[in-house]
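The structure follows.
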Amino acid sequence: MELFGIFFAAFLINNILLIRFIALCSFFGVSTKIDTSIGMSLAVIFVMTISSAVSWLIYHWLLTPCHLEFLRTATFILVIAGLVQLEELYLKKTIPNLYRAMGIYLPLITTNCAILAVAFLAIDYRYGFIQSMVYSLGVSSGYSLAIILFANIRERMELAPIPKWFQGYPIAFLTAALMSLAFLGFTGMFGL
Amino acid sequence: MNLWKDFNRGIIPENPVLRLMIGLCPVLAVSNNAINALGMSVAVAFVLIGSNLVVALVRKQVPDQIRIPIFIIIISTFVTICDYIMQAYYPDLYKALGVFVPLIVVNCIILGRAEAFAYKNPVLNSVLDGAGMSLGFALALGSIGVIRELLGAGSVFGIQLFNATIAATIMILPPGAFITIGFLMAGLNKLENKVQ
């Protein structure tokens, strides 16, 4: 039940894109087509789960025993950047189909702040290993849900008559505002 | 004259937030009141000017192939300093900004300026470029913060201007950030159209 609460809170109530405003560059950047948003979501789910596991282990088994907690920012970002490279090589060799689906999004993920944010947040919330895995799964599913819904809306908006000054980014922001409003409705569910 | 141009660039012509659309996450997340917005701007200014200074100092020694990891280490050093100073002296602000303080390390503005400007230019120009960019960032963040706080809570910098019960609370909640920046950008588009 506790794990379900963590998942649900990360998935809907504190949706990383629409409520917490993390990783917005990718939210607006790759959401113009449904296909690209699906590719990005796959890549985020894959990388986030692995990198949060690795960063949890590094923080609790390496940095804490050595009293080097102040190095966490530098360590995490380098570890995540290295990990993404490794994952790219591994996927290319073993699961070429999945690699093709994620393709160019994998290297982009290094600069996706959601990955780093989840590593930090899992430590700030004092989650154990299983809890932080569930948490990162919830966050990445929430990311996928929001970005795929948003891409659907944006594809339809291309045909809509939009006032001239609002074309492009302004209308995208206002759409995101309405989605964010809808997600705000989940607040308080299950007493979370 | 050239120095002035380097400083001026970030304020309006290449404003990182409203023109280049980079570094959006902290802008939307911590702009729910003017004081948080100011605190975040100071933190970003410290990191940006510091990293530009150090990158410009070491740029002749840095090998081209591994420059990005070196930049990241320089930036994360400044972010860690900033993180710990804030935690020690401004605990309330630190709590309000939360995870966005360590996340300055992945703010595209900072790595972008290190790569695009500080790596190719002398120290003084780089520091001025950093200062100008930080000012542009602070202006965008500050104006969004003031608008949201005014409409959402009826106050500016914590000073109550009108009764909070008639304020639109939605503006200090997450959707308000999207609404404000959307209208601000549409307004800029209209202004640009008029000038042309």
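Test A:Gly138 against the stated conditions and say whether it is of a type outside the set (A, V, I, L, M, F, W, C), at pLDDT below 85 and under 18 Å from the mean Cα position of the chain (by Cα).
no
Which residue out of A:Leu121, A:Leu106 is without any contact (Cβ under 8 Å) to a residue 24 or more places away in the chain, under 16 Å from the mean Cα position of the chain (by Cα) and surrounded by 20 or more Cβ atoms within 10 Å (Cβ to Cβ)?
Answer to the selection: A:Leu121.
Tally up the residues in the range B:164-175 that are in a helix (DSSP H, G or I) and facing another protein chain (nearest Cβ under 8 Å), please.
Residues in the range B:164-175 being in a helix (DSSP H, G or I) and facing another protein chain (nearest Cβ under 8 Å): 3 in total.
Of A:Thr73, A:Thr49, A:Thr32, which residue is at pLDDT below 85 and under 19 Å from the mean Cα position of the chain (by Cα)?
A:Thr32
In this structure, does A:Leu57 turn out to be under 26 Å from B:Leu111 (Cβ atoms) and not charged (D, E, K, R)?
Taking the combined requirement at face value, the residue does not satisfy it.
Evaluate the following for A:Arg126: is it free of Cβ contacts under 8 Å to residues at least 24 places away in the same chain and outside any helix (DSSP H, G or I)?
It is true that A:Arg126 is free of Cβ contacts under 8 Å to residues at least 24 places away in the same chain and outside any helix (DSSP H, G or I).
Looking at (1) buried (at least 19 other Cβ atoms within 10 Å of the Cβ); (2) within 17 Å of A:Gly29 (Cα to Cα), which is the only condition A:Gln167 fails?
(1)
Test of understanding: among A:Ser26, A:Ser55, which residue is more than 26 Å from B:Ala177 (Cβ to Cβ), within 13 Å of chain B (Cβ to nearest Cβ) and of a type in the set (S, T, N, Q)?
Step by step, each of A:Ser26, A:Ser55 is checked, and only A:Ser55 is more than 26 Å from B:Ala177 (Cβ to Cβ), within 13 Å of chain B (Cβ to nearest Cβ) and of a type in the set (S, T, N, Q).
To keep it simple, each residue is scored yes or no on (1) surrounded by fewer than 19 Cβ atoms within 10 Å (Cβ to Cβ); (2) more than 29 Å from A:Ile123 (Cα to Cα); (3) more than 12 Å from every other protein chain (Cβ to nearest Cβ); (4) in contact with a Lys or Arg (Cβ under 6 Å, 6 or more places away or on another chain).
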position	(1), (2), (3), (4)
B:Asp83	no, no, no, no
B:Met86	no, no, yes, no
B:Phe100	no, no, no, no
B:Val106	no, no, no, no
B:Ile109	no, no, no, no
B:Lys120	yes, yes, yes, no
B:Ala131	yes, yes, yes, no
B:Ala153	no, yes, yes, no
B:Phe162	yes, yes, yes, no
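Right, here's the next one. Return yes when B:Val79 is facing chain A (nearest Cβ under 9 Å), out of contact with any strand residue (DSSP E or B) (no Cβ under 9 Å at 6 or more places or on another chain), under 30 Å from B:Leu188 (Cα atoms) and not aromatic (Phe, Trp, Tyr) and no when it is not.
Taking the combined requirement at face value, the residue does not satisfy it.
The values are calculated or read from the model by the stated rules, or taken from the named source; none is laboratory data. All of these numbers come straight from a predicted model, not from anything done at the bench. Neighbour counts are summed over all protein chains in view; Cβ atoms, including those assigned to glycine, are modelled from backbone coordinates with ideal geometry.
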